[in-house]
Amino acid sequence: MKNRFEIIDFHSHILPGADHGSASLEISNKQLALAKESGVNRVISTSHFYPHVHTVDTFLEKRNNAYSALLPHIPKDMEIRLGAEVLICNGIENLPGLERLFVNGTNTLLLELSFSDFRSEYAESVSTMVKNGVNVVLAHADRYNPAFIEEMLACGAKIQLNAKALNTLFKRKVLYDWLSRGVVVALGSDIHGVDKTAYSSLLKAYGKIGKYAESVCRESAEIWNKSVKF
């Protein structure tokens, strides 16, 4: 399938055994095949990083081992960038080695908010990171209370939306407001397991956002093009 724009899957869980996104190499290969069938040849792998569970060193060791296992199976015309989906916590900006969790070779951090807990300290952390030159992108911002997202946007954060959220009526007015304001820099499949609709939903979402598709693709490409190969 030929896409009008170069589509980047900005949020995925495709590394075998790195987190609960893929339990095996077989599943990861099926995920890659689904991406290829949809014409998506650029994928950022964003395995979960939980500060209360992982150290940066142990996380990266596990992630890199998973990537090494997958590497021989990645199609020659497909590129994978390594990153992480980092769960926010108090003082996240002071985590030793935080920059090692950025999308490889960039200043971009994919930050996951808490579903059950939002504190003013989190906004302060985001503000500090942005002032220090970090490009903070909020993972699947469509899942949270829009008021919390607005507080983060006021601190300079940007937004990644999950594709399936754009294919439903839930919060659509809010999502399109964010698109119109230019704060959405990426869409993602957020694929876990063999979700046969993940990449068809990604293509459908770009069709849904219409005139905003080109600008979102451009923003994602700017982040991608700053990155270096692993």
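Let me have the 222 nm mean residue ellipticity of the chain computed from DSSP H runs of 4+ only, each contributing -39500 (n - 2.57), with the sum over all residues rounded to the nearest 500. Display every interim value, and only then the final one.
Details: 7 runs with 83 residues, N = 230.
So the calculated ellipticity at 222 nm is -11000 deg cm²/dmol.
With a cut-off of 8 Å between alpha carbons and a minimum separation of six or more residues, what is the relative contact order of the chain in percent? Please report the intermediate quantities before stating the final value.
Values: 411 pairs, mean separation 53.4, N = 230.
This gives 23 percent for the chain.
For region 1-91, what is the per residue volume of the convex hull drawn over the alpha-carbon atoms, in cubic angstrom? Each step should come with its number before you reach the end.
Working: hull volume 8.5 nm³, N = 91.
Taking the convex hull of the Cα positions in region 1-91, it is 93 Å³ per residue.
Residue farthest toward the positive end of the dipole of the chain, with Cβ of Lys/Arg at +1 and Asp/Glu at -1: which of Ala18, Ser127, Ala198?
It is Ala198.
Let me see the pair-distance distribution of region 60-155: every alpha carbon pair, 5 Å bin width, integer percents in order.
2, 12, 22, 22, 15, 12, 8, 6, 2, 0
Report the full-extension gain for the segment Ala69 to Lys30: residue separation times 0.36 nm, less the Cα-Cα distance, to one decimal in nm. List each step's numbers first, then the result.
Working: separation 39, 0.36 × 39 = 14.04 nm, distance 1.45 nm.
So the extension gain works out to 12.6 nm.
Quickly work out the Val194-to-Thr55 label distance, labels modelled 7 Å from Cα along the C-beta direction, and quote it in nm with one decimal.
3.8 nm
Long-range amide H contacts for Ser47: which residues qualify at under 5 Å (H placed 1.01 Å from N, peptide plane, sequence gap of 5 or more or a different chain)?
Distant-sequence amide H within range of Ser47: Gly83, Glu85.
How big is the Cα convex hull of region 93-201 in projection, averaged over all directions, in nm²? Please report the intermediate quantities before stating the final value.
Numbers: hull surface 30.9 nm².
Computing the convex hull of the Cα atoms and averaging its projections yields 7.7 nm².
I'd like the carbon and sulfur percentage of the solvent accessible area for the chain, probe radius 1.4 Å, heavy atoms only, ligands and nucleic acids excluded. Can you show the working numbers first?
Details: 5260 of 10190 Å².
Ligands and nucleic acids excluded, carbon and sulfur give 52 percent.
Long-range amide H contacts for Ile191: which residues qualify at under 5 Å (H placed 1.01 Å from N, peptide plane, sequence gap of 5 or more or a different chain)?
Here the answer is His13, since their amide H atoms fall under 5 Å of that of Ile191.
What's the whole-number percent of alpha carbon pairs in the chain lying beyond 24 angstrom?
It works out to 40 percent of all Cα pairs.
In whole Å, what is the distance between the alpha-carbon centres of region 9-47 and region 85-151?
Cα centroid of region 9-47 versus Cα centroid of region 85-151: 23 Å apart.
The values are calculated or read from the model by the stated rules, or taken from the named source; none is laboratory data. For clarity, every value in this text was computed on a predicted model and none was experimentally measured. Note that each Cβ is placed from the backbone with ideal geometry, even for glycine, and that neighbours are counted across all protein chains shown. What goes into the accessible areas is simple: the full protein's heavy atoms, side chains included, and nothing from ligands, DNA or RNA. Shrake-Rupley method; radii C 1.70, N 1.55, O 1.52, S 1.80 Å.
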